[in-house]
Every structure is written in C-alpha cells, then in structure tokens.
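*Asks:* Sharing a structure below in structure tokens format, with a few things to ask.
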Amino acid sequence: MTTLAKPDMTVNLAGIPLRNPVMTASGTFGYGEEFAEYVDLESIGAFVTKGLSLKARAGNPTPRIVETPGGMLNAIGLQNVGIDAFISKKVPFLRSVNTPAIANFFGNTIDEYAEMASRLDEIPEVAALEINISCPNVKHGGIVFGTDPDSAASVVTACRAATKKPLIVKLSPNVTDVVVMAKACETAGADALSLINTLTGMAIDLNRRKPVLANVTGGFSGPAIKPIALRMVWQVAKAVKLPIIGIGGIMNATDALEFMLAGATAIQVGTASFINPGAAQKIAEDMEAWLAANGVADVKSLIGALET
C-alpha cells in the first residue's frame with residue numbers, strides 16, 4: 001500500500017469550506033479564545049461557541065459536573081454571556097482567527113429562537129448557526145422542542161426565515177425515533193444536522209442518599225455514548241440528504257473516522273477537550289496520518305462508506 005505524502009482533508013459543510021472535518025462541540029470549548037493557548041485554532045476545521053441566548057444566564061447551582069464510568073454528567077444550565085456581550089466582548093477575537101466560528105444558540109420560545117437567529121445573522125464573523133433544540137418550550141407546558149417533530153420544525157422554520165447563514169440543527173438523542181426528528185428539520189429548511197446532543201442521566205451519592213448534581217439530572221457525554229451516537233448518525237445519514245456532524249464520545253482519530261464511515265461529513269470533539277485541551281488538534285493530525293498511512297487520498301471518500 002502506498003503511503004501518501006499529503007491526503008486531501010478538506011470537506012464542505014453546507015457551503016462552508018473546512019480545512020478538515022474536525023470541529024469542537026458547543027459548551028466544551030468556551031467561545032474559542034479560552035482554548036487558543038492550548039490549540040492552534042487554524043489546525044481544525046471549525047469551532048462552535050457555547051450556547052447563546054438573548055439574555056445572560058448564570059446557569060444551575062453547583063455541583064453541576066460529575067465524572068462517571070466512561071464519561072461525565074453536566075448540568076451547567078446553559079450559562080452564557082448573552083448576545084450583547086458576545087458581540088461586544090467575544091466577536092473581536094473571532095476576527096483574528098482564520099477558522100470558521102459557528103454560533104450555537106437557543107431560546108425558550110419560537111420568537112426567541114428567531115430573534116437570536118436574526119441577531120447572529122448580522123455578525124460577519126459568524127460562519128453558521130447551530131440551533132440547540134434541546135430546550136423546553138415555556139409557552140407550551142415545558143415540552144422540549146427537540147423531542148417533538150412539529151415543535152422542532154416550527155423552530156427551524158422561524159430561524160430559516162430570520163437568517164441567510166447556514167443553519168445546523170443539533171438533535172437530541174432523547175427521542176423515540178431520531179430519524180423522524182431529522183426529517184422534520186430537513187423539511188423545515190435545515191442545512192445540516194449535528195447529532196447527538198447529550199443523553200439524560202443522573203448520579204446518586206449512596207451515603208448521603210442524595211443526587212450528586214444539584215439539578216438532579218444532567219447531560220451524559222463521553223466514550224460510553226459513542227455506540228449510541230454512531231447508530232443514530234448511521235440511521236439519519238441513510239434517511240436525509242443533509243450533511244451530518246457526528247458527535248458523541250469521540251476521543252481519538254479512530255473514533256472520528258468511524259463516524260465518517262457511518263455517514264458524517266464532519267465531527268465534533270466535546271468531552272475529550274476536558275481531558276486534553278489540545279484533543280481536537282491531535283485528532284485532526286492523527287486522522288491525516290491515518291489516511292496517509294493507509295493510502296487514502298481524500299477524506300471525503302470515507303463519508304458513508306460503511307459496508308453493511
């Protein structure tokens with residue numbers, strides 16, 4: 001087998017050219033600047049901001065992170081600086097980096113989602129928007145947008161009307177059928193799908209007879225969720241025509257390449273960045289090395305190439 005000097009690592013994500021398929025996951029990479037001393041931001045394909053809302057949020061009370069076997073639980077509560085502070089304090093840094101910055105955002109009503117999309121649409125430094133639909137709709141009894149296809153479609157439709165930027169929808173795994181959710185978002189105008197968001201879990205302190213997290217439940221992430229995420233990416237990739245960003249337990253290049261075989265165009269690194277802040281860069285470098293060593297000229301040839 002011929003060893004290649006320089007494989008083609010570029011991919012196109014809903015019209016956004018990426019130098020390689022490696023992105024960072026929302027909520028695990030701050031606003032990019034926090035990791036700049038640990039990661040060469042121009043060595044990865046893109047980075048995604050913490051979830052943004054119209055107003056600043058303090059998040060949940062502590063403790064709000066706990067390690068578990070094979071992963072971690074977090075109940076941060078979507079703490080963020082709010083859109084105004086993001087524009088004034090965080091966007092200037094984005095101008096200094098030649099890597100696409102994707103803004104993750106959320107709301108408690110469809111109108112809030114649409115307003116956020118409109119505000120972010122006006123920021124040239126934001127390459128695309130990623131909608132977090134794993135939030136409760138406060139006007140409809142707290143039903144989570146991301147678990148009801150009609151609610152999800154309504155959010156995507158409203159955001160689609162509010163922005164010309166590429167619109168990525170981050171899907172929740174806490175559903176009966178993720179394919180139904182994916183198709184609803186595709187029909188409503190999504191340009192790409194991210195999956196999966198965290199699974200709902202909890203941890204208990206036996207001696208105290210209390211939950212470990214102050215919020216009781218939290219989002220479960222890390223290596224233990226990878227088989228679930230791989231399965232969902234594979235299912236959705238067969239059902240929709242949109243590019244997919246694979247997320248869930250990606251700790252190394254092998255994990256990332258497996259997601260691409262399952263149908264992902266790009267991947268996001270999340271929990272791994274807590275263990276090694278430079279994880280995303282290392283994964284990108286190791287993916288390229290694997291392609292070269294195995295005579296694969298173009299990373300795009302792996303997308304959806306799983307033989308079943």
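The values are calculated or read from the model by the stated rules, or taken from the named source; none is laboratory data. Please read all numbers here as calculations on a predicted model, not as lab measurements. Reconstructed Cβ throughout: ideal geometry from the backbone, glycine too, with neighbour counts over all protein chains shown.
*Asks:* Testing A293 on (1) without any contact (Cβ under 8 Å) to a residue 60 or more places away in the chain; (2) more than 26 Å from T68 (Cβ to Cβ), one condition comes back false. Which one is that?
*Replies:* Result: A293 passes all but (1).
*Asks:* So, one more: So which of A114, A127 is among the small types (G, A, S) and part of a helix (DSSP H, G or I)?
*Replies:* Going through A114, A127 in turn, the sole match is A114.
*Asks:* What number of residues within the range 21-35 satisfy the criterion of being surrounded by fewer than 24 Cβ atoms within 10 Å (Cβ to Cβ) and either on the phi > 0 side of the Ramachandran plot or in contact (Cβ under 8 Å) with a residue 40 or more places away in the chain (or both)?
*Replies:* The number of residues fulfilling the criteria is 7.
*Asks:* Okay, moving on. Which one of these is within 26 Å of I123 (Cα to Cα), under 19 Å from the mean Cα position of the chain (by Cα), of a type outside the set (D, E) and assigned to a helix (DSSP H, G or I): F47, F86, F93?
*Replies:* That would be F86, the only listed residue that is within 26 Å of I123 (Cα to Cα), under 19 Å from the mean Cα position of the chain (by Cα), of a type outside the set (D, E) and assigned to a helix (DSSP H, G or I).
Yes/no matrix, rows are residues, columns are (1) surrounded by fewer than 19 Cβ atoms within 10 Å (Cβ to Cβ); (2) closer than 19 Å to A56 by Cβ; (3) out of contact with any His (no Cβ under 7 Å at 6 or more places or on another chain):
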site: I83; (1), (2), (3): no, yes, yes
site: I87; (1), (2), (3): yes, yes, yes
site: A101; (1), (2), (3): no, no, yes
site: A114; (1), (2), (3): no, no, yes
site: V126; (1), (2), (3): no, yes, yes
site: E130; (1), (2), (3): no, no, yes
site: H140; (1), (2), (3): yes, no, yes
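*Asks:* Inspect all residues belonging to the range 130-148 and state whether any of them is in a helix (DSSP H, G or I) and either touching a strand residue (DSSP E or B) at 6+ places or on another chain (Cβ under 7 Å) or in contact (Cβ under 8 Å) with a residue 60 or more places away in the chain (or both).
*Replies:* No, every residue in the range 130-148 fails to be in a helix (DSSP H, G or I) and either touching a strand residue (DSSP E or B) at 6+ places or on another chain (Cβ under 7 Å) or in contact (Cβ under 8 Å) with a residue 60 or more places away in the chain (or both).
*Asks:* Report yes if A152 is without any contact (Cβ under 8 Å) to a residue 40 or more places away in the chain, in contact with a Leu (Cβ under 9 Å, 6 or more places away or on another chain) and among the hydrophobic types (A, V, I, L, M, F, W, C), otherwise no.
*Replies:* Considered against the rule, which asks whether it is without any contact (Cβ under 8 Å) to a residue 40 or more places away in the chain, in contact with a Leu (Cβ under 9 Å, 6 or more places away or on another chain) and among the hydrophobic types (A, V, I, L, M, F, W, C), A152 comes out as yes.
*Asks:* Among the numbered criteria (1) of a type in the set (K, R); (2) part of a helix (DSSP H, G or I); (3) buried (at least 20 other Cβ atoms within 10 Å of the Cβ), which single criterion is violated by K165?
*Replies:* (2)
*Asks:* Just one of T254, T265 is crowded, with 23+ Cβ neighbours inside 10 Å, among the hydroxyl-bearing types (S, T, Y) and either out of contact with any Cys (no Cβ under 6 Å at 6 or more places or on another chain) or at positive phi (or both); which is it?
*Replies:* None of the other options fit; the residue is T265.
*Asks:* Okay, next question. Given the condition at pLDDT 95 or above, more than 21 Å from N174 (Cβ to Cβ), hydrophobic (A, V, I, L, M, F, W, C) and within 16 Å of the chain's Cα centre (by Cα), answer yes or no: does some residue in the range 231-250 qualify?
*Replies:* No: zero hits.
*Asks:* Shifting gears a bit: Find the residue count for the range 152-168, including only residues that are more than 17 Å from the chain's Cα centre (by Cα) and among the β-branched types (V, I, T).
*Replies:* Going through the range 152-168 one residue at a time, the tally reaches 3.
*Asks:* Can I ask one more? Quick check, is S118 hydroxyl-bearing (S, T, Y), crowded, with 18+ Cβ neighbours inside 10 Å and in contact with a helix residue (DSSP H, G or I) (Cβ under 7 Å, 6 or more places away or on another chain)?
*Replies:* Against the criterion (hydroxyl-bearing (S, T, Y), crowded, with 18+ Cβ neighbours inside 10 Å and in contact with a helix residue (DSSP H, G or I) (Cβ under 7 Å, 6 or more places away or on another chain)), S118 does not qualify.
*Asks:* Here's another thing I want to ask about it. Just to check your reading of the model, which residue among L94, L73 is in contact with an Asp or Glu (Cβ under 6 Å, 6 or more places away or on another chain), touching a residue at least 12 places away in the same chain (Cβ under 8 Å) and buried (at least 22 other Cβ atoms within 10 Å of the Cβ)?
*Replies:* Of L94, L73, the one residue that is in contact with an Asp or Glu (Cβ under 6 Å, 6 or more places away or on another chain), touching a residue at least 12 places away in the same chain (Cβ under 8 Å) and buried (at least 22 other Cβ atoms within 10 Å of the Cβ) is L94.
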